[in-house]
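The values are calculated or read from the model by the stated rules, or taken from the named source; none is laboratory data. Model, not experiment: these values are computed from the prediction. Because the Cβ atoms are built from the backbone with ideal geometry, glycine has one as well, and the counts that use them run over all protein chains shown.
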Amino acid sequence: MAAYNIYEAKTKFSALVEKASHGEEVVISRAGKPLLKLVPIDEPKMGKKPRRPAPGFAKGDFKDLIEELDKPWPEDVQRALGMID
């Protein structure tokens, strides 16, 4: 584990990033107390495209919702929305 103060880390940032990307633990300290740790991001997460659902994946899932919306609304809700006087 390599430890660097903030000023030193600022001046050697590129080199520290390179070390961390190769698996070396890099700690940045302030006043001698560890503050941050540079670690690489897990490899599988880097550059992975988000999964795109196949067309029609939700087919039929909305039947219950549509039936519920077709039901008449309670009178107080209709009045609040200005649908009736």
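Details
- Within segment 56-85, tally of residues that are assigned to a loop (DSSP other than H, G, I, E, B) and modelled with pLDDT of 85 or more: 8
- Of the criteria (1) more than 30 Å from Leu16 (Cα to Cα); (2) modelled with pLDDT of 85 or more, which one Leu35 fails: (1)
- Cβ pairs under 8 Å, 6+ apart, first in segment 59-85 and on the phi < 0 side of the Ramachandran plot, second assigned to a helix (DSSP H, G or I) and surrounded by 10 or more Cβ atoms within 10 Å (Cβ to Cβ): Ile84/Glu75; Ile84/Gln78; Asp85/Arg79
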